[in-house]
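The values are calculated or read from the model by the stated rules, or taken from the named source; none is laboratory data. In this text, all values refer to a predicted model and were calculated from it rather than measured experimentally. Every residue, glycine as well, gets a Cβ built from its backbone with ideal geometry; the counts of neighbours run over all protein chains shown. Please note that ligands, DNA and RNA were not included when accessible areas were found on the heavy atoms of the full protein model with its side chains. Shrake-Rupley method; radii C 1.70, N 1.55, O 1.52, S 1.80 Å.
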Amino acid sequence: MNIEKLASWIAPLVFGVVLGLYWTFHGLYFTLYGTPDQQRDYPLEIILGLPLAAFCVAIHLLVRRLTNDNPLYIWIVEGVLIAPVFYFFLRSS
């Protein structure tokens, strides 16, 4: 596998997919094996994690298609999409 193919798959929105899957599995673990308080609170992570992962996959595949799998353009477009999220997150605290 060459470096361009790897760079086109490891892009900023893929980290959103990883975050969504982490939330899902983290919430599932504590829903199944946690204390009664955790079993009550952690299903929200499952509900929020799955749509986040699905949305990031869909947008990543759309960006890949629109940029003809060019890694530089993928990183630029996804960086522009992710930058406002980081900006407002850092500004909110």
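Overview of values
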item: Residue within region 46-55 that is out of contact with any Gly (no Cβ under 6 Å at 6 or more places or on another chain), surrounded by 13 or more Cβ atoms within 10 Å (Cβ to Cβ) and under 15 Å from ILE82 (Cβ atoms) present; result: yes
item: Matching option when the condition is of a type outside the set (S, T, N, Q), modelled with pLDDT of 95 or more and out of contact with any Lys or Arg (no Cβ under 8 Å at 6 or more places or on another chain), among ALA83, ALA58, ALA11; result: ALA58
item: Enumeration of residues in region 1-23 that are in a helix (DSSP H, G or I) and farther than 19 Å from LEU61 by Cβ; result: ILE3, TYR22, TRP23
item: Among the residues listed as GLY79, GLY27, the single one being exposed (fewer than 14 other Cβ atoms within 10 Å of the Cβ), part of a helix (DSSP H, G or I) and in contact with a Pro (Cβ under 7 Å, 6 or more places away or on another chain); result: GLY79
item: Neighbours by Cβ (under 7 Å, 6+ apart or cross-chain): first from region 77-93, without any contact (Cβ under 8 Å) to a residue 60 or more places away in the chain; second open to solvent by less than 100 Å² (accessible area, probe 1.4 Å) and among the β-branched types (Val, Ile, Thr); result: VAL77/VAL63; VAL77/THR67
